[in-house]
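A.B. asks: Below you'll find the structure I mean.
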Amino acid sequence: MSILIKNVKLNDLEQDILIQGEYISKIANNIEFAADKLIDGSGKAILPSFMNGHTHAAMNLLRGYADDMKLMDWLQNKIWPLEAKLTEEDVYWGTKLACLEMIKSGTTFFNDMYWHFHGTARAADEMGMRAVISEAVIDNFSEKGQKEARKMVEKLHNESSRYSDRIQYVLGPHAIYTVSKETLLWLKEYAQEHNLLIHTHLAETQSEVEQSLQKFGKRPVEYLNEFGFLGPNLVVAHAIWVDDKEMQLLADNNVKIVHTPASNMKLCSGIMPLSKKLEKEILTCLGTDGASSNNNLDIAEEMKIASLLHKVNTQDPLHANAGQIFQLATRNAARIFNVNAGEIATGKLADLILVDLNDVSLVPGHNLISDMVYSANGSCVDTTICDGKILMQNRKVAGEEEIIASARRVTKELLAR
Ligand SMILES: [Zn+2]
C-alpha cells in the first residue's frame, strides 16, 4: 500500500510526501510515483499526529455523568459503583467511541489503563490506532490480591500477542495506595525480564502524599525509590506533589512523566511544576486522562490549557511556549513510548495529520504551531493517518454511526443494570 500526498504544506513549503507501507519514504518538491492512493494536499498542512500519554479510553461512556465534585466523592459515589458493573462489551464500545474522538481530533496513539483489557485492545486494533494498554493492577495489600495480580498479568501478557504490533501490552499498577510493595517489586522484575513499560498514577493529590507519609514514612517518590522501583521504563501520570528532592530522584532515574492539566484543574488536584521538570530535562508528554474528568480527548485543547496554566502559574508569558508544548504532544511522547514517529521525516512511521488551512481557526496563518496550540481545536484536522493507513479523510471515519449508536445503547444498559 502506498499513498502520495501532493502539494501539502510542510514548514511553510509546498511538498509532495510519499508513504510506502508504514513509513514516510520520500519528501520532495515533485514526486512522480504510481501510488495506490493519491491525496490532494493543497490548502492543507501536514503535521505529526498527536499522542495521548495517559487516558482511560472507555471512560468516554461516563462523559458528563458526574461533574463538579470532589475527587474522592466523585470516585467513591459515582465512578467506582458504575465501573463495577462494566462488561467487556461496554469497554469495547466505550473505547471505540474514544478512538473515534481521538481520530477526529488528530490523535493516533494512546496510553491506556483500565479494566477488561481485551475490550480496549480489540477496539483500538480494529480502529487502526497505535496503543499501549494495561489492565489496572490492584491487590489491596492482600496476599490473595498479589497472587491474582501475578496470574492476571502473565495471562494477559500472553494473550496480547493476538493483536497487531500496533497494540502493546504494558504493566499498569494503579497507584501506591492500591498496590503493595511486593507486587510492585514483582512487576518491576517482570518488566525487566520482558522489556515492558510500567505505567502508574503517582503523586496526584496532596492527600496521597499525606497517606504515604503515614503508611510508609516517606513521600511517594521516595517510597518507590527506597526499593528500586524508579527507572527509565517507568511512566508516571500526574507527578504533581513532588518536592525538589523527589524531582531530582525522578531525573536521576530517567522516569518519564505524563502531564494531564485539564483533569488536574477540574478535580483541583494541583498544578504540576512543569518548568522544574523541563529544567531538569525530565522527559514529559501530555495526556487527557479519562473523559469523565476532562471531558474530552482533544490534545489541541490540552496543549492550550497546559500552556496557559504554566504561564499564569509562573507569572511569565514567555514560559511554556507554543513550540515547547507542541513537542510534548508529539516528539516527546514518541520518545517516551518508543514509537518511531512524532515528526514528519523520511524513515519515520506515517503517523500524521493533514489540517485544513481554511478552517477559520487557522486563518490568516501567521504561525501554524501557534495556531495549533492557541487557536485551533481538533476539528481543524481533515485527514488522520496511522501506520500508513488512512483512518479519516474529509473528516469521515468508517463505522462512525454504528459506534455512536452502540455507545449510546451500552451506556443506557449500563445505567439500568
Ligand atoms: Zn488517570
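The values are calculated or read from the model by the stated rules, or taken from the named source; none is laboratory data. On a predicted model such as this, the values are computed, not experimentally measured, just so you know. A quick note on method: Cβ atoms are made from the backbone with ideal geometry, for glycine too, and the neighbour counts reach across all protein chains shown. Just so you know, the surface numbers come from the protein's heavy atoms only, side chains and all, with ligands and any DNA or RNA stripped out. Shrake-Rupley method; radii C 1.70, N 1.55, O 1.52, S 1.80 Å.
A.B. asks: Would you check which residues across segment 222-241 are in contact with a Lys or Arg (Cβ under 8 Å, 6 or more places away or on another chain) and more than 16 Å from the ligand (Cβ to nearest atom) and list them?
C.D. replies: Passing the criteria: E222, E226, F227, G228, F229, G231, P232.
Listed here are the residues, each with its yes/no results for (1) in contact with a helix residue (DSSP H, G or I) (Cβ under 7 Å, 6 or more places away or on another chain); (2) open to solvent by 10 Å² or more (accessible area, probe 1.4 Å); (3) at pLDDT 95 or above.
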residue: A333; (1), (2), (3): no, no, yes
residue: A345; (1), (2), (3): no, yes, yes
residue: K348; (1), (2), (3): no, yes, yes
residue: D356; (1), (2), (3): yes, yes, yes
residue: H366; (1), (2), (3): no, yes, yes
residue: N377; (1), (2), (3): yes, yes, yes
residue: K396; (1), (2), (3): no, yes, yes
residue: I403; (1), (2), (3): yes, no, yes
residue: R417; (1), (2), (3): no, yes, no
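A.B. asks: Can you pull out every residue in segment 31-46 that is open to solvent by less than 10 Å² (accessible area, probe 1.4 Å) and hydrophobic (A, V, I, L, M, F, W, C)?
C.D. replies: I31, I39, A45, I46
A.B. asks: Could you go through segment 208-216 and let me know if any residue there is open to solvent by 40 Å² or more (accessible area, probe 1.4 Å), away from the ligand (no atom under 16 Å from the Cβ) and among the aliphatic types (A, V, I, L, M). Give the steps one after another, and end with the answer.
C.D. replies: Our first condition is that a residue be open to solvent by 40 Å² or more (accessible area, probe 1.4 Å); within segment 208-216, this holds for 210-211, 213-216.
Cutting the leftovers down to away from the ligand (no atom under 16 Å from the Cβ) gives us 210-211, 213-216.
Keeping just the survivors that are among the aliphatic types (A, V, I, L, M) gives 213.
Yes, there is a match, as at least one residue in segment 208-216 is open to solvent by 40 Å² or more (accessible area, probe 1.4 Å), away from the ligand (no atom under 16 Å from the Cβ) and among the aliphatic types (A, V, I, L, M).
A.B. asks: Continuing with this model, one more query. Identify, please: which residue in segment 78-108 is hydroxyl-bearing (S, T, Y) and under 15 Å from the mean Cα position of the chain (by Cα) and is, among those, nearest to M372 (Cα to Cα)?
C.D. replies: So the residue we want is S105.
A.B. asks: Let me spell it out: the conditions are (1) farther than 18 Å from G378 by Cα; (2) in contact with an Asp or Glu (Cβ under 9 Å, 6 or more places away or on another chain); (3) in a helix (DSSP H, G or I), and A329 meets all of them except one. Which number is the exception?
C.D. replies: Among (1) farther than 18 Å from G378 by Cα; (2) in contact with an Asp or Glu (Cβ under 9 Å, 6 or more places away or on another chain); (3) in a helix (DSSP H, G or I), A329 violates only (1).
A.B. asks: Go through segment 131-159 and report how many residues are touching a Gly at 6+ places or on another chain (Cβ under 9 Å) and either assigned to a strand (DSSP E or B) or open to solvent by 10 Å² or more (accessible area, probe 1.4 Å) (or both).
C.D. replies: Qualifying residue count, segment 131-159: 6.
A.B. asks: Just name the residue that is surrounded by the most Cβ atoms within 10 Å (Cβ to Cβ) out of those in segment 284-331 that are of a type in the set (D, E, K, R), out of contact with any Phe, Trp or Tyr (no Cβ under 9 Å at 6 or more places or on another chain) and free of Cβ contacts under 8 Å to residues at least 60 places away in the same chain.
C.D. replies: K311
A.B. asks: Name the pairs whose Cβ atoms lie under 7 Å apart, with the first residue in segment 190-204 and under 19 Å from D112 (Cβ atoms), the second more than 16 Å from the ligand (Cβ to nearest atom) and hydroxyl-bearing (S, T, Y), and 6 or more positions between them or separate chains?
C.D. replies: Listed pairs, sorted by first residue: L196/Y169.
A.B. asks: Scanning for something more than 16 Å from the ligand (Cβ to nearest atom), buried (at least 23 other Cβ atoms within 10 Å of the Cβ) and over 21 Å from A58 (Cα atoms), does segment 264-280 turn up at least one residue?
C.D. replies: Within segment 264-280, one or more residues are more than 16 Å from the ligand (Cβ to nearest atom), buried (at least 23 other Cβ atoms within 10 Å of the Cβ) and over 21 Å from A58 (Cα atoms).
A.B. asks: Taking only segment 217-257 into account, find how many residues are open to solvent by 40 Å² or more (accessible area, probe 1.4 Å) and over 22 Å from V170 (Cβ atoms).
C.D. replies: Number satisfying all stated conditions: 10.
A.B. asks: Then there is this: List the residue pairs whose Cβ atoms are under 6 Å apart, where the first residue sits in segment 136-161 and is within 22 Å of G119 (Cα to Cα), the second is part of a helix (DSSP H, G or I) and small (G, A, S), and the two are 6 or more positions apart or on different chains.
C.D. replies: Between residues of segment 136-161 that are within 22 Å of G119 (Cα to Cα) and residues that are part of a helix (DSSP H, G or I) and small (G, A, S), the close pairs are V137/A149; D139/G145; D139/A149.
A.B. asks: What residue, of L171, L197, is crowded, with 22+ Cβ neighbours inside 10 Å and either within 16 Å of the ligand (Cβ to nearest atom) or within 21 Å of the chain's Cα centre (by Cα) (or both)? Show your work before the answer.
C.D. replies: Details: L197 fails: crowded, with 22+ Cβ neighbours inside 10 Å.
Selected residue: L171, the only one of L171, L197 that is crowded, with 22+ Cβ neighbours inside 10 Å and either within 16 Å of the ligand (Cβ to nearest atom) or within 21 Å of the chain's Cα centre (by Cα) (or both).
A.B. asks: Output the number of the condition that N254 fails; it satisfies all remaining conditions of (1) within 15 Å of the ligand (Cβ to nearest atom); (2) at pLDDT 95 or above; (3) part of a loop (DSSP other than H, G, I, E, B); (4) not charged (D, E, K, R).
C.D. replies: Exception for N254: condition (1).
A.B. asks: Determine whether A121 is modelled with pLDDT of 95 or more, out of contact with any His (no Cβ under 9 Å at 6 or more places or on another chain) and under 30 Å from V355 (Cβ atoms). Before you say what the answer is, go through the steps one by one.
C.D. replies: Details: modelled with pLDDT of 95 or more: yes; out of contact with any His (no Cβ under 9 Å at 6 or more places or on another chain): yes; under 30 Å from V355 (Cβ atoms): yes.
Taking the combined requirement at face value, the residue satisfies it.
A.B. asks: Among the residues of segment 106-130, which ones are crowded, with 21+ Cβ neighbours inside 10 Å, hydrophobic (A, V, I, L, M, F, W, C) and over 17 Å from G399 (Cα atoms)?
C.D. replies: Those that are crowded, with 21+ Cβ neighbours inside 10 Å, hydrophobic (A, V, I, L, M, F, W, C) and over 17 Å from G399 (Cα atoms): F109, F110, M113, F117, A121.
A.B. asks: Tell me which strands (runs of 3 or more DSSP E) are completely within segment 7-69 and hold 1 or more residues being modelled with pLDDT of 95 or more and within 16 Å of the ligand (Cβ to nearest atom), or say none if there are none. Walk me through how you get there before you give the answer.
C.D. replies: Working: elements: 13-20, 23-28, 37-40, 44-48, 50-55.
Passing ranges, in order: 50-55.
A.B. asks: Scan segment 21-30 and give yes if some residue there is surrounded by fewer than 20 Cβ atoms within 10 Å (Cβ to Cβ) and more than 30 Å from N367 (Cα to Cα), otherwise no.
C.D. replies: Scanning segment 21-30, I find at least one residue that is surrounded by fewer than 20 Cβ atoms within 10 Å (Cβ to Cβ) and more than 30 Å from N367 (Cα to Cα), so the answer is yes.
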